[in-house]
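Have a look at the structure below, then the notes.
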Amino acid sequence: MNIALITGSAGLIGSESVEFFHYKFDLIIGIDNNYRAVLFGDNASVEWNNNRLKNKISNYRHYAADIRDNEALGNIFKEYGKDIKLIIHAAAQPSHDWAAKDPHTDFTINANGTLNMLELTRIHCPEAAFVFTSTNKVYGDTPNNLPLVELENRWEIAESHPYFKHGIDEHMSIDQTKHSLFGASKVAADVLVQEYGKYFNMKTVVFRGGCLTGPNHSGTQLHGFLSYLMKCALTKEHYTVFGYKGKQVRDNIHSWDLVNMFWHFYKQPRMGEVYNAGGGRHSNCSMKEAITLCEKISGNKMNYSYSQDNRIGDHIWYISDVSRFKAHYPGWDYKYGLEDILEQIQQSFLTRVE
């Protein structure tokens, strides 16, 4: 039997992975304890998505285990053993602000939980491909030291800089920078995943995501920028823009495009790899540009205000260079652009509230 095991299976990337891979594997094991609702409140609950998956996908088997609980995870790994051919570790505490309130919980979820997953993989199914969703926050605020130019609606990097054409590549240092505590816990996990690949010769890969987004995101103020922005556009809830004149730039990758990266890696795995994974020059926007797009798509004028205080560790300009992944996997390319993403988010939200 061929089994894919997915943590955070009711979240954005996890649920996209369940739907993408259930045709390609005999069984999908999903691990998700809806801790997002504990972190961000009932409005961020993913239970609706978990129920949707259970009703829709016949070969999906759900476990409400906590990735910090090594015994509970161990029982799952023991049951399925070497039949597990692919592991997608997408469960995480994903918020800068929340991490600062409870660093211990943040670290045990992001770092210790990842160590649990890696070690159980090594013991029970060492030949499996291990995919980890990291973050561009491992680079800390180093991107803010780049030579940026202020334009009317966005910050942009100087055209003379090597990053102008494609964005930031994997050679940027993760050292000597302010990460936020969330970024620090993800650095620990990121390096562990690399080390298990290089030290134990396991098929591990790190994807350092830009803004990961899509129609199944349960966006909140503290996490899920595009999803929450569109939600506010539709409900006319108030939205606060934090710092950088609202011109901070993010690249946004559709969850399907990211999961398709996972698929390409699974078919031709490597050991201890690292890839930047975001919308790149193909799909990016400033906060001001995103607000304009949300107003255009929703037909509503947004209710928002501006705070001069930016979030600690936040990037002024970040666009991912995905050239390295494309060089290794030339069959991969983007399927969705920014407007596609926002239109799908709108439709998904309207469907949920009907």
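The values are calculated or read from the model by the stated rules, or taken from the named source; none is laboratory data. None of these values were measured; they are calculated from a predicted model. Cβ sites come from the backbone with ideal geometry, for glycine too, and all protein chains shown count toward neighbours. Surface areas here come from the heavy atoms of the whole protein model, side chains and all, with no ligands, DNA or RNA. Shrake-Rupley method; radii C 1.70, N 1.55, O 1.52, S 1.80 Å.
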Search the range 35-60 for residues that are among the acidic types (Asp, Glu) and pair each with any residue that is surrounded by fewer than 20 Cβ atoms within 10 Å (Cβ to Cβ) when their beta-carbon atoms are under 7 Å apart and the residues are at least 6 apart or on different chains. 47/34
Give just the number: which of (1) farther than 17 Å from residue 258 by Cα; (2) modelled with pLDDT of 95 or more; (3) in contact with a helix residue (DSSP H, G or I) (Cβ under 9 Å, 6 or more places away or on another chain) does residue 292 not satisfy? (3)
Residues that are open to solvent by less than 70 Å² (accessible area, probe 1.4 Å) and either touching a Leu at 6+ places or on another chain (Cβ under 7 Å) or part of a helix (DSSP H, G or I) (or both), drawn from the range 65-85: 65, 67, 72, 73, 74, 76, 77, 80, 81, 83, 84
Would you mention how many residues in the range 88-106 are more than 20 Å from residue 9 (Cα to Cα), within 17 Å of the chain's Cα centre (by Cα) and either part of a strand (DSSP E or B) or not acidic (Asp, Glu) (or both)? 3
I'd like the residue in the range 189-234 that is of a type in the set (Phe, Trp, Tyr) and at pLDDT 95 or above and, out of all such residues, is surrounded by the most Cβ atoms within 10 Å (Cβ to Cβ). 207
The strands (runs of 3 or more DSSP E) lying wholly within the range 235-335 that contain at least 2 residues that are over 30 Å from residue 199 (Cβ atoms) and open to solvent by 30 Å² or more (accessible area, probe 1.4 Å) are 238-242, 303-307
Number of the exception - residue 346 against (1) under 28 Å from residue 24 (Cβ atoms); (2) part of a helix (DSSP H, G or I); (3) in contact with a Ser or Thr (Cβ under 8 Å, 6 or more places away or on another chain): (1)
If a residue must be touching a residue at least 12 places away in the same chain (Cβ under 8 Å), charged (D, E, K, R) and within 16 Å of residue 249 (Cβ to Cβ), how many such residues does the range 155-180 contain? 2
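Rundown of residues vs (1) on the phi < 0 side of the Ramachandran plot; (2) of a type outside the set (A, V, I, L, M, F, W, C); (3) touching a strand residue (DSSP E or B) at 6+ places or on another chain (Cβ under 7 Å), yes/no style:
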site	(1), (2), (3)
81	no, yes, no
91	yes, no, yes
99	yes, no, no
114	yes, yes, yes
131	yes, no, yes
136	yes, yes, yes
